[in-house]
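The values are calculated or read from the model by the stated rules, or taken from the named source; none is laboratory data. Nothing here was measured: the structure is a model prediction, and the numbers come from that model. Here the Cβ positions follow ideal geometry from the backbone for every residue, glycine too, while neighbour counts run over all protein chains shown. In case anyone asks, the SASA skips ligands and DNA or RNA and just uses the protein heavy atoms, side chains included. Shrake-Rupley method; radii C 1.70, N 1.55, O 1.52, S 1.80 Å.
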Amino acid sequence: MTPRITLPEPEAMNEAQRALRDQILASGTGSMVGPQRANIHSPDLAEAWWKLGDMLRLRTVIPKPLLELAIIVAGRRWNSQLEFHFHGAAAIKAGIAPAVVEAIRACAPPVFEDDAAREVYEYTRQIQVNGAPDDASHAAITARWGERGVVELTAMIGFYTMVCIALNAHRIPLPEGLEPPFPAEPGFSTLPPAA
């Protein structure tokens, strides 16, 4: 996949771009392999994007495994190879069962042993497929994580939808030597309800 936009290396960046890149690399983010490679063309956007992403990943009431689950649902719905590749591995590392990650990759009904994970999957899936969750799904997330949690999870889903759109629009490639997690398909993938 050839990028549609230049992905500047540090030596080609201007002072503002380099300063932001150094700040991002020194943070908990630690890398610039995703949309920030394109966003760096607009340092103000890249900085705001990075700060929002860090807040949603690092300072939310939703536990990390469930955040990673929501991210891979968005990644698969948008057929975002890069997003699914990195966050599929992160989801497994955080404690999501490999069989669940594989089911989402294959667009098959995942089987959950944990009610909280099933609720997050269904909430995220409904937003991605229908544009909004149904009342029962919204109520389940709110009951488990409170109003703060439902607001933060919704923002996380929207943020990673934006990430997937940017990755796809600019054709940000997988790092050299990595195999795509699924066949390249334009548009959306269908995600079934949990089994």
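Assorted remarks:
- nm² value of the averaged projected area, convex hull over the Cα atoms of the stretch 106-165: 4.4 nm²
- The residues Ile5, Ile141, sorted by heavy-atom accessible surface at 1.4 Å with ligands and nucleic acids left out, run Ile5, Ile141 from largest to smallest.
- Loop-located trypsin sites (Lys or Arg not before Pro) in the stretch 25-119 whose Cβ has at most 16 other Cβ within 10 Å (DSSP): Arg59
- Hydrophobic long helices, here whole DSSP H runs in the chain with Kyte-Doolittle means of at least -1.0 and Cα atoms spread over 18 Å or more along the helix axis, are found at 43-58, 64-77, 81-94, 135-170.
- Over the chain, all Cα pairs binned in 5 Å intervals from 0 give whole-percent P(r) values of 1, 8, 16, 20, 20, 16, 10, 6, 3, 1, 0, listed from short to long.
- For the chain, size of Cβ-based charge dipole, Lys and Arg +1, Asp and Glu -1, in debye: 100 debye
- Accessible area expressed per residue, the stretch 1-82, with surrounding protein chains retained (probe 1.4 Å, Å²): 48 Å²
- Shape of the stretch 49-102, Cα gyration tensor, a/c cut at 1.5: oblate
- The helix-only estimate of mean residue ellipticity at 222 nm for the chain, built from DSSP H runs of length n ≥ 4 each weighted as -39500 (n - 2.57), is -20000 deg cm²/dmol after division by the residue total.
- Cα gyration tensor shape for the stretch 18-107, rounded if a/c is under 1.5, else prolate or oblate: prolate
- Relative to one another, the C-alpha centroids of the stretch 1-74 and the stretch 88-159 are positioned 23 Å apart.
- Most to least accessible of Met156, Met1, Met162 (protein chains only, probe 1.4 Å): Met1, Met162, Met156
- Pairwise Cα distances in the stretch 46-150 exceed 25 Å for 16 percent of all pairs.
- Ligands, DNA and RNA left out, the accessible area of the stretch 71-118 computed with a 1.4 Å probe is 59% carbon and sulfur.
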